[in-house]
Every structure is written in C-alpha cells, then in structure tokens.
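This report refers to the structure that appears directly beneath it.
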Amino acid sequence: MTTPRPSLARAAGYTAAATLVYLAGVIAGFGMVSLFTDTEVVDEPALGTLPGPIAIMVTGALFALGTLRALDRAGRGDAAAESWAIRILSAFWIGLAVLAGYTVSLVIALVWNGLDEFTPALVHTLLRPYPWTAAAIASAIILVLLPLSAAALRGHTPRRWYWEDDETE
C-alpha cells in the first residue's frame with residue numbers, strides 16, 4: 001500500500017479550505033449583486049429554486065478540481081508553478097471553468113424545463129452579472145492562495161518565528 005505524497009495531502013486540505021471560502025464568497029457576492037442590481041439570481045420563474053444551488057455546486061466542484069491541480073503542482077516544487085505568469089494563468093483558467101460551469105448548468109436547466117432556444121438562454125445568462133461574479137471570486141481566491149501556500153506545501157515553514165529567538169527578555 002502506498003502512502004500519498006505529503007504535498008498532495010496538504011494540497012487537499014488547502015483545497016477544502018479554499019473551496020469553503022469560495023462557496024461563502026459566492027453566496028455573499030451573489031447577495032450583494034442581487035441587492036445592488038435589484039435582480040434575482042435565477043430570474044426564470046419556471047425553473048424554481050433548484051438550478052441556482054446546482055450551478056453553485058457545479059462551480060464549487062470545478063473550483064476544487066482546479067485548485068487541487070494548481071496546488072499539487074506548486075507543492076511538487078515545479079519551477080514553472082513559482083512564476084507569477086503561471087499563477088495568473090491558473091487563476092484565469094479556473095475562473096473560466098467556473099464561468100463555463102455556471103453558465104452551462106443554468107442553460108441545461110432552462111433547456112430541460114422546456115426552453116427550445118439555446119442561444120437566447122446562453123446570451124441572457126452571460127449578460128447577467130452572476131456568472132462573472134463567481135468567476136471573479138474564484139480567480140481572486142486562487143491569486144491569493146497560490147503564493148501563500150506554495151512554500152507551506154513544500155514544507156518550508158519556519159519552526160520558530162523570528163521573535164521567538166529574542167533572548168533579551
């Protein structure tokens with residue numbers, strides 16, 4: 001039986017925490033956007049209340065998969081994962097995956113409930129601020145998370161803080 005790499009186990013822990021932060025951020029972000037724009041998150045009354053939470057679960061799963069991949073790559077000490085360009089690219093791709101997942105899940109729900117026109121539903125979903133809010137929150141979390149966790153995933157955490165060595169007290 002093989003044991004998992006320490007960096008993968010830590011990456012899974014960071015991914016779980018980041019996914020919870022993402023889901024909380026999306027719920028708060030959607031609430032603020034709904035308040036400021038005076039719109040509903042899912043504005044099609046025939047859909048009911050289920051497609052919105054399903055779309056958030058889909059985006060949460062996509063966010064978790066992208067985050068785990070990015071953190072595992074950073075934890076292996078991959079030199080390319082250290083560059084800011086790769087970090088920004090990771091944030092872009094994860095944000096794009098979240099945008100696509102949110103949009104596709106709502107459009108599938110619209111088509112499932114009898115909407116025959118795919119293009120107007122897609123355009124209507126993309127013109128609303130909610131998928132863009134979910135993508136922006138995902139990208140922002142990844143941009144903050146990757147630099148903070150890269151050293152910790154490789155085990156380069158200090159055993160003592162600099163102020164603990166002060167013997168003058």
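Read-outs throughout are calculated quantities, based only on the coordinates presented, and are distinct from any laboratory measurement. This is a predicted model, so every value here is computed, not measured. All Cβ positions, even for glycine, are placed from backbone atoms using ideal geometry, and neighbour counts span all protein chains on display.
Points worth noting:
- Residues residue 124 and residue 38, FRET efficiency given R0 of 25 Å [Cβ-Cβ distance, rounded to 0.05]: 0.90
- Cα gyration tensor category, rounded, prolate or oblate, for region 22-67 with a/c compared to 1.5: oblate
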